[in-house]
Amino acid sequence: KNEVEQSPQNLTAQEGEFITINCSYSVGISALHWLQQHPGGGIVSLFMLSSGKKKHGRLIATINIQEKHSSLHITASHPRDSAVYICAVTAGTYKYIFGTGTRLKVLA
Amino acid sequence: EAGVAQSPRYKIIEKRQSVAFWCNPISGHATLYWYQQILGQGPKLLIQFQNNGVVDDSQLPKDRFSAERLKGVDSTLKIQPAKLEDSAVYLCASSLSIGLRRANEKLFFGSGTQLSVL
């Protein structure tokens, strides 16, 4: 069993829909990261959080430390949001442990 | 601020050939990472450098993969000879502090090199 699990693995939505991607982890963490990867490979950091909730534009990330669970929400989704969203945690060794990603496709 | 630079962006080779990837991290970043990302999977750490020393290379297939970071700045990753299962995106990343010691430390990724082994 992976230490970081994401669901769903694949997600197709219509433009304008509210999207939720979930991440569960089984290790003690110092921080949880949401990353975005567009076709071609480059990864950019969206959020880094250790408690509560963060918002940036149409993106909202929440974390529940007790339940070891985080969610990434996208409001009013747009085709340009199509990407792979990766959840990663930094644990005691301060190394990144990555989930396998959620492939999101938003249709116009 | 310039980001992490990687080259080439794409490479197609035949099995048993050799290939090399180059990475220039963000200026001043002490730690450099090479990750392998196979299609449908999350990135897997191959090697981590702290300045010009190796911190972790436990998942590097040392019979065919090698990496160096001369002068603690840019780095090269080499595969010799390549196998079909090496087809993947190779990502370079860097971080400011040594080993992500601060809990709020971020990794900065390059655009990756997409390798296809035929």
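The values are calculated or read from the model by the stated rules, or taken from the named source; none is laboratory data. Fair warning: this is a prediction, and the values are worked out from it, not measured in the lab. Here the Cβ is made from the backbone with ideal geometry for all residues, glycine too, and neighbour counts use every protein chain on show.
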**OP:** Could you tell me whether region A:48-56 includes any residue that is surrounded by fewer than 17 Cβ atoms within 10 Å (Cβ to Cβ) and of a type in the set (S, T, N, Q)?
**Re:** yes
Subject >> Unique residue being without any contact (Cβ under 8 Å) to a residue 24 or more places away in the chain, of a type in the set (A, V, I, L, M) and surrounded by fewer than 16 Cβ atoms within 10 Å (Cβ to Cβ) when the list is B:LEU45, B:LEU39, B:LEU70 >> reply: B:LEU70
Subject >> Residue ID - surrounded by the most Cβ atoms within 10 Å (Cβ to Cβ), chosen from residues in region B:1-33 that are free of Cβ contacts under 8 Å to residues at least 60 places away in the same chain and under 18 Å from A:SER45 (Cβ atoms) >> reply: B:ALA2
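Looking only at strands (runs of 3 or more DSSP E) that lie completely in region A:33-100, which have at least 1 residues being over 26 Å from B:TRP34 (Cβ atoms)?
Details: elements: A:43-49, A:52-56, A:59-64, A:69-74, A:83-91, A:96-98.
Where strands (runs of 3 or more DSSP E) fall fully within region A:33-100 and carry at least 1 residues being over 26 Å from B:TRP34 (Cβ atoms), they are A:43-49, A:52-56, A:59-64, A:69-74.
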**OP:** Determine which member of the set B:LYS62, B:LYS78 is part of a strand (DSSP E or B) and either away from chain A (no Cβ under 13 Å) or surrounded by fewer than 18 Cβ atoms within 10 Å (Cβ to Cβ) (or both).
**Re:** B:LYS78
Original post:
Going by the conditions given, is A:LEU11 farther than 18 Å from A:LYS95 by Cα, aliphatic (A, V, I, L, M), surrounded by 17 or more Cβ atoms within 10 Å (Cβ to Cβ) and touching a residue at least 24 places away in the same chain (Cβ under 8 Å)?
Top reply: yes
Original post:
Has region B:76-93 got at least one residue that is farther than 21 Å from A:PHE98 by Cβ and modelled with pLDDT under 95?
Top reply: no
Subject >> For B:GLU105: the one exception among (1) charged (D, E, K, R); (2) out of contact with any Cys (no Cβ under 9 Å at 6 or more places or on another chain); (3) more than 8 Å from chain A (Cβ to nearest Cβ) >> reply: (3)
Subject >> Considering residues of region A:24-47 that are within 10 Å of chain B (Cβ to nearest Cβ) and of a type in the set (Val, Ile, Thr) only, the residue surrounded by the fewest Cβ atoms within 10 Å (Cβ to Cβ) >> reply: A:VAL44
**OP:** Determine whether A:ILE21 is assigned to a strand (DSSP E or B), surrounded by 12 or more Cβ atoms within 10 Å (Cβ to Cβ) and in contact with a Ser or Thr (Cβ under 6 Å, 6 or more places away or on another chain).
**Re:** yes
